[in-house]
Structures are given as structure tokens and as C-alpha cells.
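The values are calculated or read from the model by the stated rules, or taken from the named source; none is laboratory data. Bear in mind the structure is a predicted one, so any value in this text is a computation, not a measurement. Don't worry about glycine lacking a Cβ; one is built from the backbone with ideal geometry, like all the others, and counts go over all protein chains shown. Heavy atoms of the whole protein, side chains included, go into the accessibility calculation; ligands, DNA and RNA do not. Shrake-Rupley method; radii C 1.70, N 1.55, O 1.52, S 1.80 Å.
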Amino acid sequence: MPIMEKETSRGHDSQVLPKVPVPPLKQTMDTYLKCVQHLVKDEQFKKTKAVAEKFGAPGGVGEVLQKKLLERRDKTTNWVCDYWLEDMYLNNRLALPVNSSPVMVFPKQTFRDHKDAIRFAARLIRGVLDYKALIDARALPVDFARGQLAGTPLCMEQYYRMFTSYRYPGLKTDALKVQMKATSSAPEHILVACKNQFFVLDVVANSKQLNETEIFSQLEKIMKMAENPKERDPPFGILTSDGRTEWAQARDALTKDQTNRDSLALIESCVCVVCLDEHSGLEPRDTTRAVLMLHGGGREKNGANRWYDKSMQFVVGMDGICGVVCEHSAFEGIVLVQCSEYVMKYVTGSPSKMARASSVRELPPPRRLLWKCNPNIQGLIAASGDRLQRLVDNLDMDVFKFKDYGKEFIKKQKMSPDAFIQVALQLAFYKCNRRLVSTYESASIRRFQEGRVDNIRSATPEALAFVTAMTDERATFADSEKIKRLRNAINAQTDYTIAAITGMAIDNHLLGLLKIAKELNMEKPEIFSDETYLASNQFILSTSQVPTTVEMFCCYGPVVPNGYGACYNPQSDHILFCVSSFWENTETSSAVFVKVLNEGLLEIRDLCNRSGAAATKPADSSQGAGQPRKSGK
């Protein structure tokens with residue numbers, strides 16, 4: 001079991017949520033074929049169709065696996081979450097920075113000196129502790145669905161793992177462990193990283209939490225302690241930025257010594273990490289802040305001033321570059337957003353809570369974590385640094401603010417903003433490559449107990465029909481045909497979204513059937529070794545909507561070497577896009593993608609405006625322009 005202890009989903013919630021359903025087998029097979037047909041060659045599709053029909057036939061392998069999956073649903077709280085967690089995260093051997101850990105980028109802060117930065121960090125820590133107190137007291141208000149099927153209560157389970165989980169590296173698969181309240185009698189502490197050294201900041205003294213001034217004074221001591229070159233250890237944090245197998249091997253080497261075991265135990269039990277970063281020496285544009293949050297700029301900058309296994313790392317740069325790095329296996333982006341927004345409102349909102357000198361206690365200084373090193377470990381640290389540098393040099397990031405319109409314009413067209421943006425991303429990809437590819441858009445299934453996500457496959461046949469009409473050089477298609485295809489594409493996207501958030505998408509279901517076959521030691525069913533299935537799980541376009549109400553934005557890297565990561569934050573009058581790809585792949589370019597995305601968004605707007613103008617002419621007044629549909633996540 002990847003997650004050790006679990007709480008029931010009753011928590012504070014008044015009613016128990018339903019269990020994630022298992023979709024009917026035939027429905028999933030039909031949807032699967034519809035999702036892939038237009039993305040592969042005819043010959044290949046013929047073979048895939050035959051394989052899928054055989055798998056789904058009465059008395060076939062599919063029915064046996066489906067029956068077992070239904071039994072598993074009865075026996076478990078959530079039949080998919082462990083399967084999904086292993087497949088999506090724990091079995092993945094890639095390094096966490098860029099490949100897996102998303103980041104939240106705060107607006108650039110203006111610090112006159114390091115004291116300003118520490119003051120900001122002290123308030124941020126107070127905000128984090130306040131938020132954690134709400135979680136611990138189960139006092140967070142229950143989230144309710146917005147957009148599609150609005151008003152349904154959502155599972156709050158992910159919040160309770162925010163400060164209690166730790167991802168341990170393993171040689172073949174990682175382990176996500178969640179500490180439960182009862183087990184931890186030790187006083188709570190935060191891990192502070194400064195100049196690649198690690199310090200334990202106890203947040204409770206004599207059973208009373210530290211106030212902001214006390215935290216400030218402890219952080220000042222940490223900065224002083226970190227200055228001392230004689231006591232400086234090698235940059236052990238960089239080991240956590242490596243591939244998971246490499247880090248697991250390095251961790252095994254470290255744990256041979258008791259000193260290192262003690263330091264690791266303190267790191268692995270901390271509430272969160274606070275990284276006090278050095279000046280990056282770089283111009284703090286959006287794109288630069290984004291990449292520095294993703295990888296710290298490598299070992300020459302702040303890349304080793306991190307501990308990537310911990311769920312929440314709050315970064316405060318002396319140059320005002322601040323944000324959060326999140327280990328993704330324990331929770332989704334919405335949890336990161338909610339916490340980040342709470343903390344930023346705390347920091348910028350109320351006047352400083354700096355206490356009067358009289359109420360400030362003399363506290364024992366924070367403890368520096370000690371390490372024992374040897375030539376072997378030195379070599380591992382150097383190798384990890386080299387590999388991180390390659391990742392830093394490879395990331396091609398473009399943060400683009402589209403200012404011509406935002407959600408308001410899209411809603412006026414009676415279209416769902418999320419579906420609209422997804423169709424625009426398909427148009428951009430098609431403009432670059434003259435084809436569509438398997439696309440991932442995360443869809444929350446928190447309507448169900450312990451629900452995480454499923455996938456909305458945005459590269460629909462209807463999207464393909466629309467983008468081919470929009471890019472046709474011979475001007476074959478009239479506006480009326482283009483707008484019809486646009487509405488069809490948006491409706492198809494909206495319908496898939498509704499299916500996904502109600503547990504009726506195909507990715508989790510297919511994964512479940514595959515895992516059951518493995519558990520039964522069956523020969524792998526042919527459908528899962530078919531090249532169409534393998535290609536359908538290579539997400540060349542990996543996307544998600546991460547809206548914020550406070551000024552900040554989220555971003556992440558691509559999930560395959562030849563792919564794009566596209567995160568977007570729609571606001572009323574603009575849309576922020578973070579597009580990432582890798583320089584080493586010559587087929588991708590974030591700048592080119594952003595350029596055609598901008599063009600496409602303007603072309604769709606012009607199409608809508610022309611069609612709107614045509615529709616207001618008296619002769620056309622009988623046309624009912626599609627029903628309004630809202631987005632769904």
C-alpha cells in the first residue's frame with residue numbers, strides 16, 4: 001500500500017461522499033476507439049478495433065477483469081486511488097523538479113535588504129502555521145464544485161496530507177507516507193534551507209507557538225549560522241533533485257552513518273521546508289521567476305537549497321523571487337492554490353504582527369543538521385549536480401499573458417471558458433504540427449471519496465474538424481461552417497469534461513483493468529500492448545487549468561521529452577499561459593507554440609465577432625446559437 005494510514009472521508013463533512021464508479025466496459029471500449037481513431041493511421045486503427053472488440057466480447061478477458069474490478073470497488077473506499085498513485089507518480093523514475101513538481105510563482109516582492117526578506121519569511125511561516133491549524137482542527141470549509149454540476153460537496157482528504165506527507169525514494173518505486181497525529185508526540189518543526197545548509201526551526205517552545213517576532217529572530221540566527229564557512233557541509237539537498245532510483249541509492253549510502261540517519265529523520269518529519277534563497281542575479285520577469293521556482297537555477301544558484309521529497313517548500317529569495325514548490329503525489333493543484341492564496345493574503349493583508357519586545361522569549365538557537373560525508377557520497381553529490389544542470393539547461397519555458405480578452409468575452413459567446421481554451425490549445429498544436437496528439441487535461445474526481453483526478457482527452461474528433469477548417473488554405477469553409485464546428489468542438493469537450501468529473505472517463509478504468517490482469521498473473525491482454533494504447537498514454541500535450549483569485553500563477557514542465565506542458569489561469573479580461581518544452585527536442589519550441597496560440601485566440605475571437613454580427617441581422621434572428629454551457633472542474 002503506497003499510502004500508509006488513511007482517514008475516512010467523513011472527516012468533518014456532514015455526509016459521506018459516494019464511491020468512484022466503475023464505468024460499463026462497453027462504454028469505455030466505445031469511447032476509447034472514438035478517442036484514438038482520428039489520431040492513428042487507418043491500418044493501425046483497424047488492428048486496434050479488432051483487438052478492442054476481442055477484449056470486450058461477451059465471455060472475453062475484459063468481462064473477467066471488469067467483474068474483479070467491481071468486486072474491488074465493493075471492498076475498498078476508492079478502487080483506483082492506489083493504482084493511479086503508483087502509475088502516475090510512485091513508479092515514475094524521473095527527477096521531481098520540472099518533470100513532476102508543479103510550482104506556484106508569487107508576484108515579485110520588493111525587499112530593501114535581507115531583513116525585509118526575513119520579515120516576509122517570518123510572516124509567511126506564521127500564515128502557514130495558521131492554515132495548518134485550520135486543517136488540524138478540521139475547520140477548513142468544505143469545497144463545493146464550481147463550473148459544471150456546481151454545488152456538489154468535494155472530498156477534503158487531500159488537504160489533510162499537506163503538511164504530514166513525505167515521499168521516500170525507492171529503487172523501483174517510491175513510497176508516500178502520511179504521518180498521523182497520534183504517532184507524532186515530538187514538537188513540530190520546520191526545515192529551513194539557507195546557503196545549501198539545513199536547520200531545524202522548532203515552532204513550539206514551552207507548548208506555545210512562536211509568534212512572528214520570535215520566528216524572525218530565529219531566522220536571523222539561521223542566516224548568521226549559515227554564513228560560517230568553516231561549518232559548511234556539502235550541498236546534500238541536491239541529491240533530492242536527482243532521478244528517484246539515483247536518490248534512493250544515495251540515500252542508502254547516507255543512512256550507513258548514524259549522524260545522517262538522525263538528520264534525515266528530522267527532515268522527513270518536518271511540517272514543511274522554507275528555502276531562504278540567495279540573489280539569483282537574473283532579471284525577475286515572469287518566465288525567469290517560473291524557471292527559478294521549478295529548478296532553483298541549478299547548483300550554481302539555488303538548486304541545492306531544496307529538499308524535493310517534502311510536499312510543501314516555500315521559497316523566499318533575497319531578490320524578491322518567491323513561491324512554492326509542491327511534491328505532487330499527495331495532492332492536486334487546487335490544494336496548492338488554496339494554501340498559497342491563504343498565506344499570501346495573510347502576508348499582505350493584516351498589519352505586521354511583530355510583537356512587543358517584552359513578549360518575545362529568549363529561545364534556544366535553531367539546530368544545524370549535521371552530515372557525515374565520504375568520497376563516495378561526494379561523488380554522488382557531484383553527479384546529481386551534473387544531472388540537475390542538464391535539466392536546467394534543457395527547460396524551454398515561456399510565460400505568456402494574453403491580454404486581448406479573458407473569460408468575460410468567452411462567456412458572452414455562451415461558451416465554457418475551459419473548453420474554449422482547450423480547443424484553442426488544439427488549434428495551436430495543429431498549426432505547429434498539422435496533426436493532433438493524445439492530450440491530457442486533469443479533471444477532478446473529488447465528488448467521490450478519496451477522489452483525485454481522471455483525464456479529459458481534449459484531442460476530440462470534433463476539435464480536429466474545427467482546426468482543419470480554421471487552417472484550410474483554400475478558404476473552403478464559410479464562417480457559418482467554422483462557427484458550427486467550433487460549437488461542436490466546445491460541446492464535445494464539455495461533454496467529455498462532465499463524463500470525467502462524474503467518474504465516467506476511460507483512463508482510470510483502463511488502468512484498473514490492466515492492474516487487475518497483473519494481480520491475477522494473467523498474460524498481459526493484447527489491448528494493453530497494442531501500439532495505439534501505448535501511444536495514447538504518451539501525452540505530448542499535458543494541460544491543466546489552475547485559476548487563482550490572488551495575483552500568482554502555477555506552472556510545470558512537460559511529461560514526455562517531445563511534449564509541451566501548458567498550464568493556464570483564465571481571468572476576466574486576460575489569460576495567463578505557462579508553456580514549457582525541452583530544448584533538446586527539436587520538434588518543440590515554447591516560443592513558437594505561444595506565437596501560434598496568440599494567433600489562434602485572435603482568429604477565434606474574430607470568427608465569433610463576425611458570426612455574432614451576422615446573427616444579429618434580422619434575417620438570421622431565428623437561429624438559436626447553442627445553449628450556454630459552463631466549464632467543469
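Share of carbon and sulfur in the accessible area of the chain stands at 54%, probe radius 1.4 Å. Residues of region 63-93 with an amide N closer than 13 Å to a point placed 7 Å from the Cα of L520 along the Cα-to-Cβ direction: 63-72. Take every DSSP beta bridge whose two residues both sit in region 446-581; close to 55 percent of them are antiparallel.
The DSSP beta bridges internal to region 209-357 are antiparallel in roughly 50% of cases. For the residues H114, H509, a 1.4 Å probe over the protein chains yields an accessible-area ranking, largest first, of H114, H509. Each DSSP beta bridge with both residues in the chain is either parallel or antiparallel, and the antiparallel ones are about 70%.
Report, to the nearest 10°, how far helix 244-254 tilts away from the longest principal axis of the Cα atoms in the chain, using its own Cα long axis and a range of 0 to 90°. Result, in degrees: 20. Positive end of the dipole of region 517-608 (Cβ unit charges, origin at the Cα centre): among T549, S589, Q571, the Cα lying farthest that way belongs to T549.
For K68, the solvent-accessible surface computed with a 1.4 Å probe is close to 80 Å², ligands and nucleic acids excluded.
With K and R counted +1 and D and E -1, the other residues having a Cβ less than 14 Å from that of E71 yield a net charge of +4.
Once you reduce region 19-38 and region 424-500 to the center of their Cα atoms, the two points are 17 Å from each other. Against the main long axis of the alpha-carbon atoms of the chain, helix 590-615 sits at an angle near 50°.
Protection proxy ranking, highest mean first, for peptides 92-98, 302-308: 302-308, 92-98, where packing is the per-residue count of other beta-carbon atoms within 10 Å, averaged.
By the scheme Lys and Arg +1, Asp and Glu -1, what is the net charge of all other residues having a beta-carbon under 13 Å from that of G406?
Here the charged neighbours net out to +2.
Across the cross-link table entries K34/K75; K345/K595; K414/K617, which are compared at the Cα atoms, the separations over 23 Å belong to K34/K75; K345/K595. The trypsin sites (Lys or Arg not before Pro) of region 94-148 that meet both conditions, a loop assignment by DSSP and at most 12 other Cβ atoms within 10 Å of the site Cβ, are R112. The angle separating the long axis of helix 114-136 from the principal Cα axis of greatest extent in the chain is about 70 degrees.
Heavy atoms of the protein chains alone define the surface here; on that basis region 205-244 has 42 Å² accessible area per residue at 1.4 Å probe size.
Cross-link reach is defined here as a Cα-Cα straight distance under 26 Å, omitting same-chain residues fewer than 8 places apart; for K301 the lysines meeting it are K108, K115, K195, K221, K224, K230, K310, K372. Run the helix sum for the chain: -39,500 (n - 2.57) per DSSP H stretch of 4+ residues, divided by residue count, reported at 222 nm to the nearest 500 deg cm²/dmol. Per the formula, -13000 deg cm²/dmol.
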